[in-house]
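Participant: My questions will all concern the structure given below.
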2 protein chains.
Amino acid sequence: MSLVLSEESIKEIVDDIGYLIEQNNYNYIKNILIDLHPADIAEIISYFSNKHREYIFKMLEPDVASEVLIEMDNFRRNKLLEALDEETITEIVDRLDTDDAADIVSTLPDEVAEHVLDSISEETSKDIQELLEYDEESAGGIMTKEMIAVRQEQTIGEVINEIKKHSEEIGEVYNIWVIDNKNVLVGALPLKYLFLLPPEEKVKNVMDTGVIYIESGTDQEEVANIFKKYNLVSAPVVDKDKKIIGKITVDDIVDVLQEEANEDISKMAGIVKTESEIIVEGSVFKTFRLRLPWLIVGFIGQIGSAFVMSKFEQSISQVLASAFFIPIIMAMGGNIGIQSSAIIVRGLATGEIEFKDIWKRLLKETGASFFNGVVLGILIFVIISFWLKNPNFGMVVGFSLLAVILNAAIVGTVVPLVLKKFDIDPAIATGPFITTANDVLGLLIYLGTMTVFLKFL
Amino acid sequence: MSLVLSEESIKEIVDDIGYLIEQNNYNYIKNILIDLHPADIAEIISYFSNKHREYIFKMLEPDVASEVLIEMDNFRRNKLLEALDEETITEIVDRLDTDDAADIVSTLPDEVAEHVLDSISEETSKDIQELLEYDEESAGGIMTKEMIAVRQEQTIGEVINEIKKHSEEIGEVYNIWVIDNKNVLVGALPLKYLFLLPPEEKVKNVMDTGVIYIESGTDQEEVANIFKKYNLVSAPVVDKDKKIIGKITVDDIVDVLQEEANEDISKMAGIVKTESEIIVEGSVFKTFRLRLPWLIVGFIGQIGSAFVMSKFEQSISQVLASAFFIPIIMAMGGNIGIQSSAIIVRGLATGEIEFKDIWKRLLKETGASFFNGVVLGILIFVIISFWLKNPNFGMVVGFSLLAVILNAAIVGTVVPLVLKKFDIDPAIATGPFITTANDVLGLLIYLGTMTVFLKFL
């Protein structure tokens, strides 16, 4: 029985192992590791230096080592792989499921990858190479070749015997897929049928024919949505002739969901590539290059702001205090724009909002923003009236603020919906685009209003 | 065999049913619905008005109706529940798994809930009431009471017989939990053992004793992290005496992950409550109230900006063009701050970044931002030199921009890490707090630098 290790227990074990390394007391380290789950070992060794991590890793039995490697983060895994010899890597790859094996092989230098693929069994090698050909973010790219497929003419008893023969290699089984003599998927056999039904029963007569399958080219985000919608634990993947070529299980989907959420957040923050890659692998220079494009977009937009302001130079010089409130106008427009667009972008990603809802959303976002604009407009009017003793100017700033806020809500709502309609990723828009558009439009509204009412100020 | 329905097929079916409703051709609608997955029916009826949705829903067999209801979004589900009579609701609740039943019952008006709980079997009613007592966001709040637990003294054959007796009620089974005579969890029995092992084998001798279990009070975000870390499909939930009280399956976890990602994004965008609630249920007024607090935080900060600027009134009036570049200074500081903090916040949420990494992260974020600052600083210098024919002023703006960017990177990196250290949710910080701090500090840096070099401009 094992309760999950708490953060504290993990750290205690790290301290213990650190102490044992200092003492050169290697046997004890082995004794500690032997009771631990591979996922915990992966976490524990992440605390050590590269040298000590290699050292601990090499103590592990190949079966455990392969599982630990899969649970490590990309950055440390790649570092570790660099330090392992080809034989050890081959031993590890040979023990992994093909999807994990393909992940590892794809990160190896070409000549090492070739050596590994030549040294493992021909069948596994072929499977791995097949998986490497699919787009990484497609169903084919996340599926594994390990699965149980039986023919529809077989009996339950025959199926059991076949599974018995391979029971060593088969890890967790959730579903058995049924195929015809051309390997075309025709159904599924729930595992419980194997002990609930008589052995002489034909698979064909009892199989579930309503099985949901996935085509190999389907994008992983869509695969995740299918798993979510239909509450799947595993699903068969088929080629264009409906022949079964692999399966996807829900633990891969959990990773995909995380990845996609990270991607959305990164894009909204103006980062082009998926965040996880940046966190673990990105060098300073890579991070710099990935972020620069969005900064340039914002930069160009703000040169527009500077240009707008230069056109209002005279109004500003007449009422210099108008410059003081440029930050508040910009910040409030920016905040409202992000609030509206964040809701829309996430709603679109999770399927809770669609283009058909545009009027409903617009009404709600402008409605909520109107009330916020009124509250903030009155506040700024009161503050300016007392601080600068100029209620007329306070009135102009207050009204401009309301107008800027309404504009920001409309832009923040409409832009992502329209982009989605044209199949452009709306998460991109929520970052620099909407903020910059709102800044420039906000300044135009503010300085324009002020200029119109200049003679009253 | 069913390929997943595409968006287009769904819309075609919606059109067909709409046409049939117009024609009062009810039998055909039933024929269309009978072949569809409950999740697809839920999506299809979301396109109809409340009246027609009720109408279609009432055509469904109770078994299907209950599954459709669970797949609907909260907003439409609550609307529909309001329109159903107590008997229909009772029939539906009676057919649901206890976790879904508890979700439904918790949204019903008190007297309806009472009626429903009185009308269903006493055992189910007790289970549902037990579930309702747990915190919604804890393991107890997301678990279900349906599970298979067997005693360790039983044989494989006895277990099979017991499952046969209940095979009607049991949906998908992934794991069988093993308990002692005090209901204390002692192990798990993989389903495949039931057909791979001889029937006379004792459970005690073959069970897997390394099963990971979850305590009922564990927060759902932590439960999700445990499922991810250990790649679980289901896990038993125990009380403080380690007695088994329920189970959690991975499809609930998929929902939790989505919810938590939405929450992070919402907070970063300055929205206090979880976004999903706002999307589907929030009225205009509720949305307004939920967003106002963060806007006020930003507002107060920007009054600080106005105050800073008023202190530099003289410098601004001497070089009026300095006001033109306030938007670019603020926007670039804001963008850099969000880029840095978004990475940190997500990394902290997914466990990829920890406080111990603070120096590494700081080096990386300031490093990448330094290069970006140099590029943007040179750009603004060139633009000002040509546009305003004032290279000295361009130099001051360029250097200030670099300083503002570095400051923003440091604030964006350090603030979320420190908050996390003190157990404050770092996602909150990424929104208005960091942006506002960066705006005020950025203005101080920019106007301060300009004032120092004023005589050269």
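The values are calculated or read from the model by the stated rules, or taken from the named source; none is laboratory data. Source: prediction; values computed, not measured. We place every Cβ from the backbone using ideal geometry, glycine too, and count neighbours over all the protein chains shown.
Participant: Conditions first: (1) free of Cβ contacts under 8 Å to residues at least 24 places away in the same chain; (2) at the interface with chain A (Cβ under 9 Å from one of its Cβ atoms). B:K360 passes all but one, so which condition is the exception?
Facilitator: (2)
For (1) at pLDDT below 85; (2) more than 26 Å from A:I296 (Cβ to Cβ), each residue gets a yes or a no:
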position: B:A403; (1), (2): no, no
position: B:V418; (1), (2): no, yes
position: B:P432; (1), (2): yes, no
position: B:L441; (1), (2): no, no
position: B:V452; (1), (2): no, yes
position: B:K455; (1), (2): yes, yes
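Participant: Those residues that are in a helix (DSSP H, G or I) and either under 8 Å from the mean Cα position of the chain (by Cα) or more than 9 Å from chain B (Cβ to nearest Cβ) (or both), I need them from the stretch A:245-264; list them, please.
Facilitator: Matches in the stretch A:245-264: A:D252, A:D255, A:V256, A:L257, A:Q258, A:E259, A:E260, A:A261, A:N262, A:E263, A:D264.
Participant: Of the residues B:D103, B:D99, which single one is touching a residue at least 60 places away in the same chain (Cβ under 8 Å) and crowded, with 17+ Cβ neighbours inside 10 Å?
Facilitator: Working: B:D103 fails: touching a residue at least 60 places away in the same chain (Cβ under 8 Å).
Answer to the selection: B:D99.
Participant: Would you confirm whether any residue within the stretch A:227-241 is assigned to a loop (DSSP other than H, G, I, E, B), over 22 Å from the mean Cα position of the chain (by Cα) and not charged (D, E, K, R)?
Facilitator: Taking the stretch A:227-241 first, the residues assigned to a loop (DSSP other than H, G, I, E, B) are A:231-233, A:239-241.
Checking which are over 22 Å from the mean Cα position of the chain (by Cα) leaves us with A:239-241.
The next check asks that each one be not charged (D, E, K, R); those that pass are none.
No, the stretch A:227-241 has no match at all.
Participant: Scan the stretch A:63-82 and report the pairs whose first residue is on the phi > 0 side of the Ramachandran plot and whose second residue is aliphatic (A, V, I, L, M), with Cβ atoms within less than 9 Å and a gap of 6+ or a chain change.
Facilitator: none
Participant: Return yes when B:E172 is within 12 Å of another protein chain (Cβ to nearest Cβ), part of a helix (DSSP H, G or I) and touching a strand residue (DSSP E or B) at 6+ places or on another chain (Cβ under 8 Å) and no when it is not.
Facilitator: no
Participant: Sticking with this structure for a sec: Which of the residues that make up the stretch B:297-344 are more than 7 Å from chain A (Cβ to nearest Cβ) and either within 25 Å of the chain's Cα centre (by Cα) or not in a helix (DSSP H, G or I) (or both)?
Facilitator: Correct list: B:V297, B:F312, B:V319, B:G337, B:S340, B:S341, B:I344.
Participant: Can I ask one more? Can you tell me which residue in the stretch B:198-215 is nearest to the chain's Cα centre (by Cα), limited to those that are of a type in the set (A, V, I, L, M, F, W, C) and within 10 Å of chain A (Cβ to nearest Cβ)?
Facilitator: Residues of the stretch B:198-215 that are of a type in the set (A, V, I, L, M, F, W, C), as a first pass: B:203, B:206-207, B:211-212, B:214.
Then keep just the ones that are within 10 Å of chain A (Cβ to nearest Cβ); that gives B:211-212, B:214.
Numbers: B:V211: 27, B:I212: 24, B:I214: 20 Å.
Out of the qualifying residues, it is B:I214.
Participant: Just to verify a result, which residue in the stretch B:141-182, among those that are free of Cβ contacts under 8 Å to residues at least 40 places away in the same chain and among the aliphatic types (A, V, I, L, M), is surrounded by the most Cβ atoms within 10 Å (Cβ to Cβ)?
Facilitator: Checked the stretch B:141-182; the qualifying residue surrounded by the most Cβ atoms within 10 Å (Cβ to Cβ) is B:V178.
Participant: Taking helices (runs of 4 or more DSSP H) that do not extend beyond the stretch B:1-90, which have at least 3 residues that are closer than 22 Å to A:N225 by Cα?
Facilitator: Once the helices (runs of 4 or more DSSP H) in the stretch B:1-90 are filtered for at least 3 residues that are closer than 22 Å to A:N225 by Cα, what remains is B:7-22, B:38-45, B:62-71, B:74-83.
Participant: If you scan the stretch A:188-221, which residues turn out to be buried (at least 20 other Cβ atoms within 10 Å of the Cβ) and not in a loop (DSSP other than H, G, I, E, B)?
Facilitator: A:A188, A:L189, A:L194, A:F195, A:V203, A:Y213, A:I214, A:Q220
Participant: While we're looking at this one, here's another question. Out of (1) over 28 Å from B:E86 (Cβ atoms); (2) within 14 Å of another protein chain (Cβ to nearest Cβ); (3) not acidic (D, E), the odd one out for B:V68 is which?
Facilitator: The failed condition is (1).
Participant: I would also like to ask the following. What residue, among those in the stretch B:367-402 that are assigned to a helix (DSSP H, G or I) and among the polar types (S, T, N, Q), is surrounded by the fewest Cβ atoms within 10 Å (Cβ to Cβ)?
Facilitator: Here the answer is B:N392.
Participant: I'd like the residue in the stretch B:345-354 that is facing another protein chain (nearest Cβ under 9 Å) and outside any helix (DSSP H, G or I) and, out of all such residues, is modelled with the highest pLDDT.
Facilitator: Step by step, filter the stretch B:345-354, then rank; the result is B:I353.
Participant: Considering only residues that are aromatic (F, W, Y) and surrounded by fewer than 24 Cβ atoms within 10 Å (Cβ to Cβ), look in the stretch A:300-339 and name the one that is nearest to A:L401 (Cα to Cα).
Facilitator: Taking the stretch A:300-339 as the starting set, the residues that turn out to be aromatic (F, W, Y) are A:307, A:312, A:324-325.
Checking which are surrounded by fewer than 24 Cβ atoms within 10 Å (Cβ to Cβ) leaves us with A:307, A:312.
Working: A:F307: 21, A:F312: 18 Å.
Of everything passing the filter in the stretch A:300-339, A:F312 is nearest to A:L401 (Cα to Cα).
Participant: Between B:F453, B:F386, which is closer than 18 Å to B:L320 by Cβ and more than 36 Å from the chain's Cα centre (by Cα)?
Facilitator: B:F453
Participant: Among the numbered criteria (1) within 29 Å of B:G187 (Cα to Cα); (2) modelled with pLDDT of 90 or more; (3) among the hydrophobic types (A, V, I, L, M, F, W, C), which single criterion is violated by A:I34?
Facilitator: (2)
Participant: Moving on. Within the stretch B:1-57, which residues are in contact with a strand residue (DSSP E or B) (Cβ under 8 Å, 6 or more places away or on another chain) and either buried (at least 19 other Cβ atoms within 10 Å of the Cβ) or polar (S, T, N, Q) (or both)?
Facilitator: Within the stretch B:1-57, the first condition is being in contact with a strand residue (DSSP E or B) (Cβ under 8 Å, 6 or more places away or on another chain), and the residues that meet it are B:1-4, B:37.
Correct list: B:S2, B:V4, B:H37.
Participant: Also, quick follow-up: From B:Q258, B:Q220, which residue is in contact with a strand residue (DSSP E or B) (Cβ under 8 Å, 6 or more places away or on another chain) and closer than 30 Å to B:I434 by Cα?
Facilitator: When all the criteria are applied, what remains is B:Q220.
Participant: Next question. Yes or no: A:F288 part of a helix (DSSP H, G or I) and either of a type in the set (G, A, S) or closer than 26 Å to B:F312 by Cβ (or both)?
Facilitator: no
Participant: A follow-up question, please. State which residue is farthest from B:E67 (Cα to Cα) when the search covers only the stretch A:216-244 and only residues that are more than 7 Å from chain B (Cβ to nearest Cβ) and hydroxyl-bearing (S, T, Y).
Facilitator: Of everything passing the filter in the stretch A:216-244, A:S216 is farthest from B:E67 (Cα to Cα).
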